[in-house]
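Novice: Pasting in a structure now, in structure tokens, and then I'll have a few things to ask.
The values are calculated or read from the model by the stated rules, or taken from the named source; none is laboratory data. Remember, it's a predicted structure, so these values are computed and weren't measured experimentally. Every residue, glycine among them, receives a Cβ derived from its backbone with ideal geometry; neighbour counts consider all protein chains shown.
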Amino acid sequence: METKGHPAVELKKTTLTPKAIIHQKFGSKACFTVEEVKEPIHTECPGLIQQKGPCLYRCLLQLPELSVVSGTFRKKKDAEQSAAEMALEKLGIHPTASDLTPQEAWESLVARIAYLFSEKFLTSLHPLCGHLGATLWRKGDLCGSIPVSVIAVYDTKLFNLCKYINPAVESNPLLVNLYIMRAATKLSGFLSTSEQHLWLKKQSPYPQDISESLSIQAGMLECIQVAAAKIPSSTEKPIETVTLWISAKDYYLDIIAKELDLEDASYVLISRNVGKASSETRLFFAASRSFCLDQSSDLLNVKETLHFEGSLNARASYLSGQCIFGDAILASIGYTWKSKDLSYEDITVQSYYRMLISKTPSGIYKLSREAIFAAELPSSFTTKANWRGSLPRDILYMFCRQHRLLEPVFSPISCPLKGSSESSGSSLKDACSATEEIEHVRGALSTAGAKQSEVSGCTFKCDVKLFSKSEDLIIVCSPEGKFKKQNDALQNACLKILSWLNEYFKNSSAPFEILYHTADSFNIQIHSKNHCKEFAVCQSVRNTQLNMLGCMRPLCTGPAYGMRSLKIEGSDSGVCPCNGSIPCIRYSISLVVKGDNLKELIEACEEFEFEIGVGAVTTDVEGVVMQLCVGQSACFTTELPPSELILASAADSARTLSLLSSKPCFMEYAIALTKLTEPMEERMEQALFSPPLSKQRVEFAVHHIIESCAATLVDFGCGAGSLLEALLNYPTSLEKIVGVDISPKGLARAAKVLNSKLVTNSDVDDVPYAGIKSVILYEGSITSFDSRLHGFDIGTCLEVIEHMEEDQACLFGDVVLSSFRPRILIISTPNYEYNVVLQRSNPASQEQEEELDEKSSLPSCRFRNHDHKFEWTREQFSRWASDLAARHNYNVEFSGVGGTAGVEPGFASQIAVFIRKETMAEVDDELKDADLDHRFNVMWEWNRINK
Ligand code: SAH
Ligand code: MG
């Protein structure tokens, strides 16, 4: 494949200063604070001149994930560079690292270890200084001896040097321990080592004053209690919380050793950092005796895993991405770059499960929304305005960090703007210059200057690539979707790659060929060799684990756990969600024990917003919310979801576990729909047109219906029945009106609305619709023919065809004019060329581009509505309609609403009115077809009872 833009290669060549690199990586998220220091203090920085006086500076650098404090310098600039350098080191980024030979690396390793035990080093804020101090409190021979595992994990420089000796340390970081031991033997006059133990000790003690101040700093004032999670190597045993009691003069690692039934800290191995980079969460586990003996073997040739006595700890290995053997303790405790004090945080069973689910894209998203049960990673990115929770790009960064991949590499591609289909885009230029059209837009909102909202001449796509730490290309994703904003294209690409990875993690037991096959539909190419290398260990470990958790379910369209006994309460306000709208719900989810009255609240949220139609919540939740009106609430129960989710959510893990193991349980959901934001197209149509565009379309149709003296009408794609309902308000010649739609939800709404109107007025005679004898709603696709609707006087099809794929819309055209053959047919659809006016007139376009992204409802997708499969220019629509009419012996006339005929860029909604050319044969047809196909299902029917 290609090698261009290979990230790490660029890094190595760089001559940027540490501060410049920090700026490149973090931009405004990096905060440098320089302060003046009165007392000069020692630092490890070689350039420092010791002097008395007030002019010394120290720099605090705060990054999203960590903060560091520099030593003191005479120049503010130097303090900043030093802080940046410390941060880079902490982050494992080494801008000046050049390629070393293994021999040079050995030498540097020895030198670095010597430095770590030097007096100069002790005055720095390096995490190892805290350890060195704390080990001075250890009793007897152990006093001052520091476990090798501590040195191996807390000094990234050592780790990086070891990579030159053997690149395998990347996947097997425990090797670093052995290399340190080996290097330390070269310092035999200076350091003591042991054949049997994993510790190092400086032979001559530090000068009294230094060792005193060190141990005072490391000593704690009082005893602390830290919660940690014990992960037994046997997956049969549950994760449990243990408490580490650390008294003022204990070295915390000795306490952890005791918890693992080990003599002291030198038998403890430490994993790399787990979870958030900002925390000191690591796994602690036993080093076997043979681990030490391995020192004698040929270290340069160690390729495979080290030999361990214990069995592989699947859960701990999966969490850390490195092989861990025997029981392990997950704890967040250690000395950091931030202060000399021991820092710690409680790790509970819940924290373990939260870390566990954050290994998958969907889990990261769930956590970012603090909605582990309700939220699901959406399957498509519509606009930033509609997105809730962490953005796809941030989730992808997090995922890469979790799985130790390089940061994702993006290649934005700009494409010249064209019409929605292949036809000429020439008319678009006219559209762009059509400022007159703004006059037709409601006054108050029409002030948007054309300057600010220059329509850019292109759309964007974006490719994303993932690389392993050893710079091998793993996955390339090149999604098709085009976006008006480069950033949206980037987010879309991230989401595509995340969605595939999510599927991959959910179906990890599926054969690779099948997974690779599904990649095609995500526009993803996988480099199978590299991919296997990165994920295989992780996968095999995960399989064991998931089987244990009993949660191997095929999850394709967002999980559903089998909804039961749904109850809906509250009155029907008529305001209900549809695709693209953003409901706000209040919910609570509890675990209930069957038969007993025991109930435990698992998750609750007062205000939870999500976009309908993109899979942003579980299928159960979306299904129920779609049935609610604002003000209504619902209650239902489901089967148990995977236990990892329950435990990640439950605050009281012990009680939850005891409930789960007592009797069969189920989940109980209570959801209330509190608010609703309508989809963009509707908001726009209402805000920019008076009366709203939808009302203008209905009025246009009503006008034609009255003029035509029609007795029978069919509304193709009637949706929630807005036209049918409106017709009941006008006196017309209509006797029979019929609606057809493919969506049962839309039809249910239509039935509700029509029913309440017709039934409430059942004994009133002077209603406007007195002439109407029958109203029927059919469920079915308008691309198929039903003979009951043959030869109606008038057919309407408002804003429907653009919701069908282009070929289906064409099929409908042929079916309706060849088989249904209404005398008159009215078809409306958006005019693509008008979109430019809609955007320009959007009130939000006066704001800055960036802000506009955040707050406005401006569509950054290409069409007015995410459900639109296409939007045609006037030329495309007229070509399609004219050809269609000619084929089926109709005349066609063009018109529209929202705008003025003949003024660029035409109407907002373009309308074609087809009129059948009468022939004698037509009448015969009508008779013949009388009892043919009945493809539609009657959903609802009303007939006037003659009094
Ligand atoms: N005509 C209505 C609804 C427009 S929304 C109005 O103007 O308010 C588009 C509607 O087309 C939706 O209700 C959708 O369910 C329906 N639709 C899409 N494809 C369809 C098909 N193949 N057959 C029938 N209805 C379809
Ligand atoms: Mg539409």
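Novice: Could you check LYS77 against (1) part of a strand (DSSP E or B); (2) at pLDDT 85 or above and say which number it fails?
Specialist: Of everything listed in (1) part of a strand (DSSP E or B); (2) at pLDDT 85 or above, LYS77 misses just condition (1).
Novice: Specify the residue that is farthest from PRO642 (Cα to Cα); the eligible residues are those in region 344-369 that are hydroxyl-bearing (Ser, Thr, Tyr) and in a helix (DSSP H, G or I).
Specialist: Initial filter on region 344-369 (hydroxyl-bearing (Ser, Thr, Tyr)): 344, 348, 351-353, 358, 360, 362, 365, 368.
From what's left, in a helix (DSSP H, G or I): 351-353, 362, 365, 368.
Details: SER351: 16, TYR352: 15, TYR353: 11, SER362: 14, TYR365: 17, SER368: 19 Å.
Within region 344-369, the match that is farthest from PRO642 (Cα to Cα) is SER368.
Novice: Consider region 691-707. How many of its residues are more than 16 Å from ligand 2 (Cβ to nearest atom) and buried (at least 19 other Cβ atoms within 10 Å of the Cβ)?
Specialist: As a first pass, look at region 691-707 and keep what is more than 16 Å from ligand 2 (Cβ to nearest atom): 691, 699, 702-707.
Retained after the next criterion (residues that are buried (at least 19 other Cβ atoms within 10 Å of the Cβ)): 705.
Qualifying residue count, region 691-707: 1.
Novice: List the residue pairs whose Cβ atoms are under 6 Å apart, where the first residue sits in region 731-744 and is closer than 7 Å to GLU779 by Cα and in a loop (DSSP other than H, G, I, E, B), the second is away from ligand 2 (no atom under 16 Å from the Cβ) and not charged (D, E, K, R), and the two are 6 or more positions apart or on different chains.
Specialist: ILE742/SER781
Novice: Looking at region 82-105, is at least one residue assigned to a helix (DSSP H, G or I), crowded, with 16+ Cβ neighbours inside 10 Å, among the basic types (Lys, Arg) and within 35 Å of the chain's Cα centre (by Cα)?
Specialist: Looking through region 82-105, at least one residue is assigned to a helix (DSSP H, G or I), crowded, with 16+ Cβ neighbours inside 10 Å, among the basic types (Lys, Arg) and within 35 Å of the chain's Cα centre (by Cα).
Novice: Could you list all residues from region 644-675 that are part of a helix (DSSP H, G or I), among the aliphatic types (A, V, I, L, M) and crowded, with 22+ Cβ neighbours inside 10 Å?
Specialist: Initial filter on region 644-675 (part of a helix (DSSP H, G or I)): 644-649, 653-662.
Cutting the leftovers down to among the aliphatic types (A, V, I, L, M) gives us 645-648, 654, 657, 659-660.
Listed by number, the residues that qualify are LEU645, ILE646, LEU647, ALA648.
Novice: Counting just the residues of region 874-906 that are assigned to a loop (DSSP other than H, G, I, E, B) and modelled with pLDDT of 95 or more, which one comes out surrounded by the fewest Cβ atoms within 10 Å (Cβ to Cβ)? Give the derivation first.
Specialist: The initial filter retains those residues of region 874-906 that are assigned to a loop (DSSP other than H, G, I, E, B), namely 888-889, 898-906.
Going one step further and asking which of them are modelled with pLDDT of 95 or more, we end up with 888-889.
Details: HIS888: 17, ASN889: 14.
Among them, the one singled out is ASN889.
So that you can scan it fast, the table gives a plain yes or no per residue for (1) part of a helix (DSSP H, G or I); (2) surrounded by fewer than 17 Cβ atoms within 10 Å (Cβ to Cβ); (3) within 15 Å of ligand 1 (Cβ to nearest atom):
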site: PHE792; (1), (2), (3): no, no, no
site: THR796; (1), (2), (3): no, no, yes
site: ALA809; (1), (2), (3): yes, no, yes
site: GLY813; (1), (2), (3): yes, no, yes
site: VAL816; (1), (2), (3): yes, no, yes
site: SER819; (1), (2), (3): yes, no, yes
site: LEU838; (1), (2), (3): yes, no, no
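Novice: Also: Looking at PRO641, PRO583, PRO577, which one is crowded, with 20+ Cβ neighbours inside 10 Å and in a strand (DSSP E or B)?
Specialist: The conditions single out PRO583.
Novice: Hey, another quick one. Check off (1) crowded, with 22+ Cβ neighbours inside 10 Å; (2) over 30 Å from LEU676 (Cα atoms); (3) among the β-branched types (Val, Ile, Thr) for ILE364 and give me the number that stays unchecked.
Specialist: (2)
Novice: Restricting to region 726-748, name every residue that is crowded, with 21+ Cβ neighbours inside 10 Å and either within 16 Å of ligand 2 (Cβ to nearest atom) or at positive phi (or both). So that I can check it myself, show each step before the final result.
Specialist: Start the filter on region 726-748 by keeping residues that are crowded, with 21+ Cβ neighbours inside 10 Å, which leaves 727, 732, 734, 737-741, 747.
ASP741 - this is the single residue of region 726-748 that is crowded, with 21+ Cβ neighbours inside 10 Å and either within 16 Å of ligand 2 (Cβ to nearest atom) or at positive phi (or both).
Novice: Whether any residue in region 755-778 is buried (at least 17 other Cβ atoms within 10 Å of the Cβ), within 14 Å of ligand 1 (Cβ to nearest atom) and not in a helix (DSSP H, G or I) is what I want to check.
Specialist: Yes.
Novice: Filter region 676-721 for residues that are away from ligand 1 (no atom under 11 Å from the Cβ), assigned to a helix (DSSP H, G or I) and of a type in the set (Gly, Ala, Ser) and give the result.
Specialist: Hits for region 676-721 are ALA687, SER708.
Novice: Could you check how many residues of region 779-790 are more than 8 Å from ligand 1 (Cβ to nearest atom) and part of a loop (DSSP other than H, G, I, E, B)? Give the steps one after another, and end with the answer.
Specialist: To start, the set of residues in region 779-790 that are more than 8 Å from ligand 1 (Cβ to nearest atom) comprises 779, 784-790.
Those still in the list that are part of a loop (DSSP other than H, G, I, E, B) too: 784-786, 790.
Residues that pass the stated criteria total 4.
Novice: Within region 747-772, how many residues are farther than 12 Å from GLY721 by Cβ and within 52 Å of the chain's Cα centre (by Cα)?
Specialist: From region 747-772, those farther than 12 Å from GLY721 by Cβ are 759-772; that's our starting set.
Among the residues that remain, those that are also within 52 Å of the chain's Cα centre (by Cα) are: 759-762, 768-769, 772.
Residues flagged as farther than 12 Å from GLY721 by Cβ and within 52 Å of the chain's Cα centre (by Cα) within region 747-772 amount to 7.
Novice: Within region 768-811, count every residue that is within 16 Å of ligand 2 (Cβ to nearest atom) and of a type outside the set (Val, Ile, Thr). I'd like the intermediate steps shown before the answer.
Specialist: Looking only at region 768-811, we keep the residues that are within 16 Å of ligand 2 (Cβ to nearest atom), and these are 782, 796-806, 808-809.
Restricting the remaining residues to those that are of a type outside the set (Val, Ile, Thr) gives 797-799, 802-806, 808-809.
Number of matching residues: 10.
Novice: What residue, among those in region 175-201 that are out of contact with any helix residue (DSSP H, G or I) (no Cβ under 8 Å at 6 or more places or on another chain) and either at pLDDT 90 or above or assigned to a helix (DSSP H, G or I) (or both), is surrounded by the fewest Cβ atoms within 10 Å (Cβ to Cβ)?
Specialist: In this case the residue turns out to be THR185.
Novice: Hey, another quick one. Could you tell me how many of the residues in region 864-905 are touching a residue at least 12 places away in the same chain (Cβ under 8 Å), farther than 11 Å from PRO830 by Cβ and among the small types (Gly, Ala, Ser)?
Specialist: Total meeting the criteria: 5.
Novice: When only residues in region 591-626 that are part of a loop (DSSP other than H, G, I, E, B) and touching a Lys or Arg at 6+ places or on another chain (Cβ under 8 Å) count, which is surrounded by the fewest Cβ atoms within 10 Å (Cβ to Cβ)? Break it down into steps so the answer makes sense when it comes.
Specialist: As a first pass, look at region 591-626 and keep what is part of a loop (DSSP other than H, G, I, E, B): 594-598, 610-616, 618.
Retained after the next criterion (residues that are touching a Lys or Arg at 6+ places or on another chain (Cβ under 8 Å)): 594-596, 610-611, 616.
Working: LYS594: 10, GLY595: 8, ASP596: 11, PHE610: 27, GLU611: 27, ALA616: 27.
So the residue we want is GLY595.
Novice: From the list ASN172, ASN166, which one is surrounded by fewer than 18 Cβ atoms within 10 Å (Cβ to Cβ) and touching a residue at least 12 places away in the same chain (Cβ under 8 Å)?
Specialist: Details: ASN166 fails: surrounded by fewer than 18 Cβ atoms within 10 Å (Cβ to Cβ).
Matching residue, one of ASN172, ASN166: ASN172.
Novice: Now, a different point. Do we find that GLY595 is of a type in the set (Gly, Ala, Ser) and either closer than 30 Å to TRP500 by Cβ or touching a Pro at 6+ places or on another chain (Cβ under 6 Å) (or both) in this structure?
Specialist: Values: of a type in the set (Gly, Ala, Ser): yes; either closer than 30 Å to TRP500 by Cβ or touching a Pro at 6+ places or on another chain (Cβ under 6 Å) (or both): no.
For GLY595, the condition - of a type in the set (Gly, Ala, Ser) and either closer than 30 Å to TRP500 by Cβ or touching a Pro at 6+ places or on another chain (Cβ under 6 Å) (or both) - is not met.
Novice: Within region 843-863, does at least one residue satisfy the condition of being at pLDDT below 95, within 16 Å of ligand 1 (Cβ to nearest atom) and under 24 Å from ILE742 (Cβ atoms)?
Specialist: So in region 843-863, the residues at pLDDT below 95 come out as 843-863.
Checking which are within 16 Å of ligand 1 (Cβ to nearest atom) leaves us with 863.
With under 24 Å from ILE742 (Cβ atoms) added as a condition, the list becomes 863.
Checked region 843-863: at least one residue is at pLDDT below 95, within 16 Å of ligand 1 (Cβ to nearest atom) and under 24 Å from ILE742 (Cβ atoms).
Novice: Same structure again: Looking at region 722-754, which of its residues are in contact with a Lys or Arg (Cβ under 7 Å, 6 or more places away or on another chain) and more than 11 Å from ligand 1 (Cβ to nearest atom)? Full working, then the answer.
Specialist: Taking region 722-754 and keeping what is in contact with a Lys or Arg (Cβ under 7 Å, 6 or more places away or on another chain), we get 725, 728, 735-736.
Within region 722-754, LEU728, GLU735, LYS736 meet the criteria.
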